[in-house]
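*Asks:* Below: one structure in structure tokens.
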């Protein structure tokens with residue numbers, strides 16, 4: 001095999017090769033898949049679906065055809081992609097909960113607002129709607145350019161004439177490479193008003209356009225609660241978001257009972273998933289004021305929300321649900337569209353309307369020129385007919401006697417080839433007497449129409465006047481007095497309500513908390529006398545006994561320095577022996593309970609380990625949201641949490657297992673939320689036994705037998721006062737033998 005027949009290898013840097021190919025892919029995705037055209041608001045797949053339906057003559061007044069036939073034609077003729085993707089796009093155009101002005105009239109199951117999928121394409125049928133026909137109007141009149149389809153066998157339109165601004169009317173969404181678009185639907189009546197204003201005032205400000213288009217108009221209704229200033233800025237920049245809430249009302253059930261009924265849900269929220277989320281909020285008790293949710297929807301949306309108590313304010317209930325569920329969403333706007341079908345750009349509202357109006361002007365000019373060409377051709381033919389009528393006998397004679405009548409007629413009557421051909425193709429019935437008068441009348445009418453079209457093409461003002469007339473006709477067909485025309489989404493101010501917690505719903509009642517040494521906990525009603533005997537299980541004994549309220553949070557600290565939170569309202573009743581506290585929190589079996597007390601917001605506590613390290617902590621930082629608690633004091637085995645006392649005073653007293661006591665100012669201890677802390681007292685042997693806080697001016701006191709109290713105050717107290725982390729001196733005479741402060 002010679003070298004000349006070897007295949008030719010071309011090499012290029014991998015970086016450049018990948019870059020060029022990825023750029024081609026990115027451009028293809030941007031232009032031919034994901035971003036809509038600003039002129040007709042359609043992506044290629046939607047444009048091809050509508051054009052294929054037109055070719056199948058599926059008019060809004062005609063019959064239906066199987067969706068499989070339509071998607072098959074689209075795939076075979078114009079869109080060489082998966083038929084499932086084409087059918088999904090077609091089905092979406094028929095969903096009145098997804099598309100503000102449906103472009104496809106569907107017959108059969110095309111899905112629903114619960115998120116159920118459409119039936120298979122072989123079971124459903126479709127045809128165009130009047131709105132789709134308005135987008136296609138003018139295709140036969142050279143209104144837009146055509147291009148070859150993917151295999152060059154057919155022609156397809158580059159863009160549709162689009163009698164109304166479909167980009168804004170139906171919205172669009174798509175994700176391309178490195179860019180995305182998301183445009184909400186709007187009301188055609190308002191869009192036409194804004195277009196007419198823009199025609200009169202080409203330099204109109206964005207604020208005045210908002211007077212005509214106050215905001216989106218979603219197919220599923222709802223209430224827009226975005227401030228006007230924010231909406232103006234969003235439309236001016238082409239980026240932003242709209243807060244959209246469900247529409248609801250209160251139904252009076254009599255005897256003070258009521259329920260909330262949701263009649264409209266936010267756009268693109270699946271009703272079934274919304275119900276699941278609301279049920280989950282009830283199950284997890286995140287919205288304690290909500291008792292039940294029911295879906296009573298038929299053709300209309302009807303979601304019933306039952307409050308837990310009649311005393312709850314409906315606004316408070318809904319405000320909480322708006323915050324925690326999809327009853328309120330933020331619909332983002334990113335007006336990233338193709339200008340002239342080629343250039344992606346984030347446009348303002350004004351720029352998008354301008355692109356549509358400029359497109360309509362070009363369509364008007366092209367249709368007018370197309371009509372002029374048709375008129376010119378017809379006038380030429382009519383002139384030939386009139387000449388033939390004036391010389392009818394001679395024309396008949398030429399046709400009867402000449403072998404080639406056409407050149408003879410052309411030479412004798414100065415006819416053009418078109419005129420001669422038309423005369424020769426004339427039917428005999430056209431030779432009646434009255435025909436000449438009709439021909440002259442048609443010629444005069446066409447000349448008048450021709451003059452009007454020439455004047456239209458020569459005058460920009462006349463063109464905009466004509467476009468305004470066309471837009472008013474669109475408004476009459478799809479405006480607010482029609483089936484689809486009335487605005488569905490309302491406007492309101494967002495009233496924010498305070499979040500309602502479970503504690504807010506608990507009635508405050510006194511209880512006495514009882515917790516045994518083995519960890520069995522219960523709550524007796526009322527504030528019981530703490531000196532009276534309490535029953536425990538055999539072999540068990542009391543450990544913690546104190547007064548609290550049902551609204552309190554109980555804080556438990558274990559020997560590892562971990563803090564847990566228990567709701568007093570969740571404690572079992574005091575009739576039995578209670579329940580193990582380890583069922584309520586994830587307290588390991590090998591870990592010991594050190595202290596249990598009701599949480600007082602804002603109170604501070606002194607934490608210290610048996611190693612002699614500690615710090616001041618705010619009780620609020622001890623509250624844990626998880627059953628597993630939160631680590632507060634870091635200790636290493638065999639050390640453990642030794643002290644957890646409320647802070648009350650300006651000095652700290654520490655005593656070690658060696659009975660040496662040290663007193664220092666509380667300012668020397670840091671305030672932390674978690675950690676190891678700092679050294680309180682130094683030891684050669686053993687560790688910390690106890691610590692407490694007191695006011696120096698009052699002195700340090702403890703019980704001293706027979707109901708007496710021993711108090712050590714200045715100047716005697718001065719013997720033990722020193723800097724933090726010292727060794728200290730032997731405890732004063734009479735200090736408790738258990739080495740602990742009271």
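The values are calculated or read from the model by the stated rules, or taken from the named source; none is laboratory data. Just so it is clear, the model here is predicted, and its values are computed rather than measured. As a convention, Cβ positions derive from the backbone with ideal geometry for all residues, glycine included, and neighbour counts pool all protein chains shown.
*Asks:* Would region 551-559 turn up any residue that is assigned by TED's automatic domain parsing to the domain that holds residue 588, in a loop (DSSP other than H, G, I, E, B), within 22 Å of residue 603 (Cα to Cα) and modelled with pLDDT of 90 or more?
*Replies:* Looking for residues that are assigned by TED's automatic domain parsing to the domain that holds residue 588, in a loop (DSSP other than H, G, I, E, B), within 22 Å of residue 603 (Cα to Cα) and modelled with pLDDT of 90 or more, one finds at least one in region 551-559, hence yes.
*Asks:* What number of residues within region 724-739 are over 13 Å from residue 709 (Cα atoms), out of contact with any helix residue (DSSP H, G or I) (no Cβ under 8 Å at 6 or more places or on another chain) and assigned to a loop (DSSP other than H, G, I, E, B)?
*Replies:* Final tally of qualifying residues: 8.
*Asks:* Name, by its number, the condition in (1) closer than 30 Å to residue 724 by Cα; (2) part of a loop (DSSP other than H, G, I, E, B); (3) out of contact with any helix residue (DSSP H, G or I) (no Cβ under 7 Å at 6 or more places or on another chain) that does not hold for residue 600.
*Replies:* In the conditions (1) closer than 30 Å to residue 724 by Cα; (2) part of a loop (DSSP other than H, G, I, E, B); (3) out of contact with any helix residue (DSSP H, G or I) (no Cβ under 7 Å at 6 or more places or on another chain), residue 600 misses (3) alone.
*Asks:* Among the residues of region 685-707, are any under 18 Å from residue 642 (Cα atoms), in contact with a helix residue (DSSP H, G or I) (Cβ under 9 Å, 6 or more places away or on another chain) and free of Cβ contacts under 8 Å to residues at least 60 places away in the same chain?
*Replies:* no
*Asks:* Here's another thing I want to ask about it. Within region 673-686, work out how many residues are surrounded by 12 or more Cβ atoms within 10 Å (Cβ to Cβ) and at pLDDT below 90.
*Replies:* Qualifying residue count for the region: 2.
*Asks:* Right, something else. Based on this model, can you work out whether residue 288 counts as touching a helix residue (DSSP H, G or I) at 6+ places or on another chain (Cβ under 6 Å), over 30 Å from residue 181 (Cα atoms) and touching a residue at least 40 places away in the same chain (Cβ under 8 Å)?
*Replies:* So residue 288 fits the description; yes.
*Asks:* Sort out for me the helices (runs of 4 or more DSSP H) sitting completely within region 1-81 that have 2 or more residues that are at pLDDT 95 or above. So that I can check it myself, show each step before the final result.
*Replies:* Working: elements: 14-29, 44-55, 67-77.
In region 1-81, the matching helices (runs of 4 or more DSSP H) lie at 44-55, 67-77.
*Asks:* Among the listed residues 271, 345, which satisfies the condition of being touching a strand residue (DSSP E or B) at 6+ places or on another chain (Cβ under 8 Å) and closer than 30 Å to residue 471 by Cβ?
*Replies:* 345
Yes/no matrix, rows are residues, columns are (1) assigned to a strand (DSSP E or B); (2) touching a helix residue (DSSP H, G or I) at 6+ places or on another chain (Cβ under 8 Å); (3) in the same structural domain as residue 731 (by TED's automatic domain parsing):
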| residue | (1), (2), (3) |
| --- | --- |
| 628 | no, no, no |
| 638 | no, no, no |
| 661 | yes, no, yes |
| 664 | yes, no, yes |
| 683 | no, no, yes |
| 714 | no, no, yes |
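*Asks:* Residues that are closer than 30 Å to residue 113 by Cβ and touching a residue at least 40 places away in the same chain (Cβ under 8 Å): does region 139-156 have at least one?
*Replies:* no
*Asks:* Here is a follow-up. Would you pick out the residues in region 396-452 that are outside any helix (DSSP H, G or I) and surrounded by 14 or more Cβ atoms within 10 Å (Cβ to Cβ)? Show your work before the answer.
*Replies:* To start, the set of residues in region 396-452 that are outside any helix (DSSP H, G or I) comprises 402-404, 414-416, 425-427, 432-434.
Within region 396-452, 415, 426 qualify.
*Asks:* Related question: Residue check, residue 268 against (1) assigned to a loop (DSSP other than H, G, I, E, B); (2) more than 26 Å from residue 111 (Cβ to Cβ), all met but one. Which one?
*Replies:* (2)
*Asks:* Has region 96-108 got any residue that is assigned to a strand (DSSP E or B) and either without any contact (Cβ under 8 Å) to a residue 40 or more places away in the chain or more than 30 Å from residue 481 (Cβ to Cβ) (or both)?
*Replies:* Yes: one or more hits.
*Asks:* Give the residues of region 650-659 that are surrounded by 15 or more Cβ atoms within 10 Å (Cβ to Cβ) and either in contact with a helix residue (DSSP H, G or I) (Cβ under 7 Å, 6 or more places away or on another chain) or not assigned by TED's automatic domain parsing to the domain that holds residue 724 (or both), sorted by residue number.
*Replies:* Scanning region 650-659 gives 651, 652.
*Asks:* Determine whether residue 331 is crowded, with 17+ Cβ neighbours inside 10 Å, in a strand (DSSP E or B) and either free of Cβ contacts under 8 Å to residues at least 24 places away in the same chain or under 24 Å from the mean Cα position of the chain (by Cα) (or both).
*Replies:* For residue 331, the condition - crowded, with 17+ Cβ neighbours inside 10 Å, in a strand (DSSP E or B) and either free of Cβ contacts under 8 Å to residues at least 24 places away in the same chain or under 24 Å from the mean Cα position of the chain (by Cα) (or both) - is met.
*Asks:* Picking from 638, 580, which residue would you name as being over 47 Å from the mean Cα position of the chain (by Cα), surrounded by fewer than 15 Cβ atoms within 10 Å (Cβ to Cβ) and either at pLDDT 90 or above or farther than 23 Å from residue 284 by Cα (or both)?
*Replies:* 638
*Asks:* Pull up region 608-626, narrow it to residues that are touching a strand residue (DSSP E or B) at 6+ places or on another chain (Cβ under 8 Å) and assigned to a loop (DSSP other than H, G, I, E, B), then point me to the one that is surrounded by the most Cβ atoms within 10 Å (Cβ to Cβ). Can you show your working first?
*Replies:* Applying the first criterion (touching a strand residue (DSSP E or B) at 6+ places or on another chain (Cβ under 8 Å)) to region 608-626 yields 608-619, 622-625.
Keeping just the survivors that are assigned to a loop (DSSP other than H, G, I, E, B) gives 610-612, 623-625.
Details: 610: 18, 611: 19, 612: 24, 623: 15, 624: 20, 625: 8.
Here the residue is 612.
*Asks:* Specify the residue that is nearest to the chain's Cα centre (by Cα); the eligible residues are those in region 192-220 that are assigned to a helix (DSSP H, G or I) and under 19 Å from residue 334 (Cβ atoms).
*Replies:* Initial filter on region 192-220 (assigned to a helix (DSSP H, G or I)): 192-200, 206-212.
Next, only the ones that are under 19 Å from residue 334 (Cβ atoms) stay: 206, 209-210.
On the way: 206: 25, 209: 25, 210: 23 Å.
Only one residue tops the list, namely 210.
*Asks:* Checking the condition part of a helix (DSSP H, G or I), modelled with pLDDT of 90 or more and touching a helix residue (DSSP H, G or I) at 6+ places or on another chain (Cβ under 8 Å), which residue from 375, 386 passes?
*Replies:* Sole residue among the options that is part of a helix (DSSP H, G or I), modelled with pLDDT of 90 or more and touching a helix residue (DSSP H, G or I) at 6+ places or on another chain (Cβ under 8 Å): 375.
*Asks:* Moving on. With the requirement that a residue be under 14 Å from residue 279 (Cα atoms) and touching a strand residue (DSSP E or B) at 6+ places or on another chain (Cβ under 8 Å), what does region 321-339 give you?
*Replies:* 321, 327 - these are the residues of region 321-339 that are under 14 Å from residue 279 (Cα atoms) and touching a strand residue (DSSP E or B) at 6+ places or on another chain (Cβ under 8 Å).
*Asks:* Still on this structure, I have one more. Would you say residue 185 is surrounded by 18 or more Cβ atoms within 10 Å (Cβ to Cβ), in a loop (DSSP other than H, G, I, E, B), touching a helix residue (DSSP H, G or I) at 6+ places or on another chain (Cβ under 7 Å) and touching a residue at least 40 places away in the same chain (Cβ under 8 Å)?
*Replies:* Spelling it out, residue 185 is indeed surrounded by 18 or more Cβ atoms within 10 Å (Cβ to Cβ), in a loop (DSSP other than H, G, I, E, B), touching a helix residue (DSSP H, G or I) at 6+ places or on another chain (Cβ under 7 Å) and touching a residue at least 40 places away in the same chain (Cβ under 8 Å).
*Asks:* Select from region 271-296 the residues that are at pLDDT 90 or above and buried (at least 19 other Cβ atoms within 10 Å of the Cβ) and write down the one among them that is nearest to residue 98 (Cα to Cα).
*Replies:* Among those residues, the one meeting the criterion is 271.
*Asks:* Given (1) surrounded by fewer than 21 Cβ atoms within 10 Å (Cβ to Cβ); (2) within 30 Å of residue 212 (Cα to Cα), where does residue 349 come up short, assuming only one miss?
*Replies:* Result: residue 349 passes all but (1).
*Asks:* Same structure again: Among the residues of region 644-659, how many are closer than 17 Å to residue 694 by Cα and part of a loop (DSSP other than H, G, I, E, B)?
*Replies:* Final tally of qualifying residues: 4.
*Asks:* Next question. Looking at region 583-600, is at least one residue buried (at least 16 other Cβ atoms within 10 Å of the Cβ), at pLDDT below 90, touching a strand residue (DSSP E or B) at 6+ places or on another chain (Cβ under 8 Å) and not assigned by TED's automatic domain parsing to the domain that holds residue 740?
*Replies:* There is at least one residue in region 583-600 that is buried (at least 16 other Cβ atoms within 10 Å of the Cβ), at pLDDT below 90, touching a strand residue (DSSP E or B) at 6+ places or on another chain (Cβ under 8 Å) and not assigned by TED's automatic domain parsing to the domain that holds residue 740.
*Asks:* Right, something else. Does residue 122 fit the bill of being part of a strand (DSSP E or B), in contact with a helix residue (DSSP H, G or I) (Cβ under 8 Å, 6 or more places away or on another chain) and either touching a residue at least 12 places away in the same chain (Cβ under 8 Å) or surrounded by 15 or more Cβ atoms within 10 Å (Cβ to Cβ) (or both)?
*Replies:* So residue 122 fails the test.
*Asks:* Of the conditions (1) exposed (fewer than 13 other Cβ atoms within 10 Å of the Cβ); (2) assigned to a helix (DSSP H, G or I), residue 251 satisfies every one except a single condition; which number is it?
*Replies:* With (1) exposed (fewer than 13 other Cβ atoms within 10 Å of the Cβ); (2) assigned to a helix (DSSP H, G or I) applied to residue 251, the lone miss is (2).
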